[in-house]
1. Probe radius 1.4 Å, ligands and nucleic acids left out: which of Glu21, Glu94, Glu68, Glu56 has the largest accessible area, and how do the rest follow?
2. Looking only at Leu33, Leu20, Leu71, which one moves most when the chain is put into a Gaussian network model with springs between Cα atoms under 10 Å?
3. How do Arg77, Arg116, Arg2, Arg54 rank by accessible surface area computed with a 1.4 Å probe, from largest to smallest?
4. Evaluate E = 1/(1 + (r/R0)^6) for Tyr22 and Glu122, where r is the Cβ-Cβ distance and R0 equals 41 Å; express this FRET efficiency to the nearest 0.05.
5. Radius of gyration and Dmax for the chain's Cα atoms, expressed in Å?
6. Whole-Hz ³J(HN,Hα) for each residue in segment 20-27, computed from phi via Karplus 6.51 cos²θ - 1.76 cosθ + 1.60 with θ = phi - 60°, x for glycine and proline: what do you get?
7. Please report how far the C-alpha centroid of segment 72-127 lies from that of segment 1-59, rounded to the nearest whole angstrom.
8. One quarter of the convex hull surface, Cα atoms only: what value does that give for segment 42-94 in nm²?
Amino acid sequence: MRLHLLKSKIHNAVVTSGDLEYEGSITIDSELLELANMLPNEKVLCVNNNNGERFETYIIEGKPGSREIQLNGAAARCALPGDGIIIMAFAEIEAEKAKSFKPMILIVDKHNNPKRRHLVGEEDKPL
């Protein structure tokens with residue numbers, strides 16, 4: 001049996017912009033992607049902390065150091081610039097391995113600068 005578990009999370013991200021005319025997706029600074037153990041084209045679930053809306057999309061790699069979190073296409077209707085969101089990626093893991101699997105959590109500040117990260121159940125590592 002395989003279980004669907006949280007693999008990675010960017011917590012407290014702030015939407016920086018939106019582009020309704022784009023074909024869809026969420027653009028994320030490539031440095032944040034690396035720290036969060038996320039990849040371009042990976043499916044993510046996003047939660048808007050301001051209105052509770054949840055939506056799925058896929059990642060597009062943004063410019064390193066830009067701290068960009070841009071919602072594109074229909075996703076741009078789900079959160080406005082300035083809204084706080086949580087971005088989560090999941091993975092299918094064999095049940096036995098799932099017992100010891102630890103997701104990567106990246107915490108960012110209100111400017112999307114990485115503050116700290118950790119594996120679930122382990123101490124924060126300041127960045």
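The values are calculated or read from the model by the stated rules, or taken from the named source; none is laboratory data. What you see is a predicted model; the values in this text were computed from it and never measured. Glycine gets a Cβ as well: all are built from the backbone with ideal geometry, and neighbour counts include every protein chain shown. Ligands, DNA and RNA are stripped out before the accessible areas are found, and what is left, the full protein with its side chains, is counted by its heavy atoms. Shrake-Rupley method; radii C 1.70, N 1.55, O 1.52, S 1.80 Å.
1. Values: Glu21 165, Glu94 80, Glu68 45, Glu56 120 Å².
In descending accessible area the options line up as Glu21, Glu56, Glu94, Glu68.
2. Result: Leu20 has the largest fluctuation of those listed.
3. Listed by decreasing accessible area, they come as Arg77, Arg54, Arg2, Arg116.
4. Numbers: r = 37 Å, r/R0 = 0.90.
For R0 = 41 Å, the calculated efficiency reads 0.65.
5. Rg, Dmax (Cα atoms, Å): 14.2, 44.
6. Once rounded to whole Hz, the list reads 4, 7, 6, 6, x, 2, 10, 8.
7. Using only Cα atoms, the two centres lie 8 Å from each other.
8. Result: 4.5 nm².
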